[in-house]
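Some notes on the structure that comes next.
The values are calculated or read from the model by the stated rules, or taken from the named source; none is laboratory data. From a predicted model like this one, the values you see are computed outputs, not experimental measurements. Positions of Cβ are backbone-derived with ideal geometry, glycine not excepted, and every protein chain shown enters the neighbour counts.
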């Protein structure tokens, strides 16, 4: 049995035990049944106040990135390069928060990989540079996901040697094509962000208003299940793919820093933090860390003890990730205790979500193999 299969079996058994405990009466006195009306309010609030506004911000920051790329193309120097890098980092913030609702249009229309495929393929990117085809938006739109998006831009505009990066974009023989490629990728990313946001506006209405004639969500349970399962899954991704694999869990403890999410830009720790921020936003029902009409409101109404467990585990996960000293690649080698603490804290959060929250809400735990492993 593979490690993943064992882990999933463990989660399934833990969830089953929690559910059995409720049925048997261990937790019956603590759990208050939830009506559909409360769940509908939460689904509607999350769709309108969290999901669509986060995508609105993605669109705004992606447009800023495209504007910065065009400004660099018009006047390539150290200042405009740093402006473009700053715009890239800023665009990552709301984008990574959307991991918490990485279902629906992002999966159905495969729009997510066009924005954020990892890893990209440097050899194929270089082959595009060496070709004769003009590189513009229309051409980049025809390319595979591993040759465009955030991480292709990262490949071009970040690096350990700032002078070398700038030279590759200004004085190198292929500099004009590199600039064209960066601009086209930024324009493509911005256009795809608009498509995804617009698709979610329609999909959010389905999430908020389930029913027999709803093509995606026949019941309100299905809506809440989708939100809760994505949180469980994305916490697993942070633990296993963003911390565990780079730390060496699959290689006998040998660090694999190249497996981190944004190795060249050095924002992998920030990426993890923003993924957890998106999950917290769904749980709290707000984007500023204050309690709102989120999944947590349902949990607290049904079982206050579980709500406290979730908040405690979230705080611990945030604190542990914040305690990893950058750069992440060095921490993976030299600050193993801090990285291991973060790994354990995120696993603990996953356990609470996959067992206590699932049981408290009467949700159905599902498994998702599309974790980018």
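Of everything in region 345-363 that's without any contact (Cβ under 8 Å) to a residue 60 or more places away in the chain and more than 12 Å from residue 306 (Cβ to Cβ), which residue is surrounded by the fewest Cβ atoms within 10 Å (Cβ to Cβ)? Walk me through how you get there before you give the answer.
From region 345-363, those without any contact (Cβ under 8 Å) to a residue 60 or more places away in the chain are 345, 348, 352; that's our starting set.
Checking which are more than 12 Å from residue 306 (Cβ to Cβ) leaves us with 345, 348.
Details: 345: 22, 348: 19.
This residue is 348.
The sole residue among 241, 250 that is at pLDDT below 95, out of contact with any helix residue (DSSP H, G or I) (no Cβ under 7 Å at 6 or more places or on another chain) and either buried (at least 21 other Cβ atoms within 10 Å of the Cβ) or within 26 Å of residue 351 (Cβ to Cβ) (or both) is 250.
Residues in region 145-166 that are in contact (Cβ under 8 Å) with a residue 12 or more places away in the chain and over 13 Å from residue 184 (Cβ atoms): 145, 146, 150, 151, 154, 155, 157, 158, 159, 162, 165, 166.
Could you list all residues from region 109-122 that are without any contact (Cβ under 8 Å) to a residue 60 or more places away in the chain and in a helix (DSSP H, G or I)? Passing the criteria: 113, 116, 122. Kindly check whether there is at least one residue in region 171-184 that is free of Cβ contacts under 8 Å to residues at least 40 places away in the same chain, assigned by TED's automatic domain parsing to the domain that holds residue 69 and within 28 Å of residue 98 (Cα to Cα). No, because not a single residue in region 171-184 is free of Cβ contacts under 8 Å to residues at least 40 places away in the same chain, assigned by TED's automatic domain parsing to the domain that holds residue 69 and within 28 Å of residue 98 (Cα to Cα). Across region 305-343, the number of residues qualifying as more than 18 Å from residue 242 (Cβ to Cβ), in contact (Cβ under 8 Å) with a residue 12 or more places away in the chain and surrounded by fewer than 19 Cβ atoms within 10 Å (Cβ to Cβ) comes to 2. Here is the figure for region 60-102: residues that are buried (at least 23 other Cβ atoms within 10 Å of the Cβ) and not in a helix (DSSP H, G or I) total 0. Within region 253-291, being in contact with a helix residue (DSSP H, G or I) (Cβ under 6 Å, 6 or more places away or on another chain) and more than 25 Å from residue 50 (Cβ to Cβ) holds for 255, 256, 257, 259, 260, 264, 265.
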